[in-house]
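The values are calculated or read from the model by the stated rules, or taken from the named source; none is laboratory data. Predicted model, so just to flag it, every value in this text is computed and none were measured. When we count neighbours, we look across all protein chains shown, and the Cβ atoms used for this are built from the backbone with ideal geometry, even at glycine. Just the protein is used for accessible areas: all its heavy atoms, side chains included, with ligands, DNA and RNA removed. Shrake-Rupley method; radii C 1.70, N 1.55, O 1.52, S 1.80 Å.
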Amino acid sequence: MIVEEIMNRDIYSLLPSNTIKDAVQIMREKKIRHLPIVDEKNKVVGLITEHDIKNVLPSNLNENSTLPDYQTPLEEIMVKDPIVGHPLDFIEEVALTFYESKISCLPIVSGGQLVGIVTTTDLLYTYIELTGAHKPSSKIDIRATDKPGAMSNIFTTFKQHKVNVLSVLVYPDSDKENSRIISIRAQILNPLSIINDLRNEGFEVLWPHLPGVQQ
């Protein structure tokens, strides 16, 4: 999946000459927390977040917008030359950028101009959609030996039960070096029969812990 599939194209932005008052007003009205700052050619030159404003203006939630600080130009407090992304960047790379750079949004630029924005909320929603967590389903965590064919045997069990697999995540086992944890989200509300068959095949099911199921 690439950025242009999830980015918000309905962008609100301001100029460096706009004031803190302008930023507070548009954030309130549009219920947003991030504002790219652009020049006359729509080139990203800065970024303002709700957090930035709170740092310089602790009273920004007050209605008294006549205070001198409210007239401060955004160019004086904005993050200059912020990190930007491209519509064809992969979501995984963007998520890594968020994590490593500790940012909460990423202006998306194409042809030198602002075309979209991605926030941590967008990434979280995308993760929920990709894993199928928003659908009626069950999550089954399985410990499997890290060897060829293990995944195939697990999927055979699901196939025999005619259960649709919505997503699969594989990550290292912190307790056993030669094992992997396979986290499967399946479109079934009562996975008891699948869990029993997986255990009969020699797999260790870590989750869910269901009453009456042999460990």
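Give me the number: length gained by fully extending residue 127 to residue 189, i.e. 0.36 nm times residue separation minus the C-alpha to C-alpha distance, one decimal in nm.
Between residue 127 and residue 189, full extension yields an extra 20.2 nm.
Cut-off 16 Å, label point 7 angstrom out along Cα-to-Cβ of residue 40: give me the residues of segment 2-19 whose amide nitrogen falls inside.
Correct set: 15-18.
Hey, what D do you get for segment 135-207 in µm²/s if you plug the Kirkwood alpha-carbon radius into Stokes-Einstein at 25 °C and 0.890 mPa s?
200
Probe 1.4 Å, all protein chains in place: accessible area of residue 34 in Å², nearest 10?
Here the accessible area works out near 20 Å².
Is it possible to state the helix-based mean residue ellipticity at 222 nm for the chain, with each DSSP H run of 4+ residues giving -39500 (n - 2.57), the sum divided by total residues, to the nearest 500 deg cm²/dmol? What is it?
Calculated at 222 nm, the ellipticity per residue is -8500 deg cm²/dmol.
Taking one equal scatterer on every alpha-carbon of the chain, how large is log10 of I(q)/I(0) by Debye at q = 0.10, 0.15, 0.19 1/Å?
Per q value, in the given order, log10 I(q)/I(0) is -0.63, -0.92, -1.26.
For the chain, what number of Lys pairs, 8 or more residues apart or on separate chains, have alpha-carbon atoms under 24 Å from each other?
Lysine pair count for the chain: 28.
Measuring with a 1.4 Å probe in the full set of protein chains, what accessible area per residue, in whole Å², belongs to the chain?
Counting only protein heavy atoms, the per-residue value for the chain is 60 Å².
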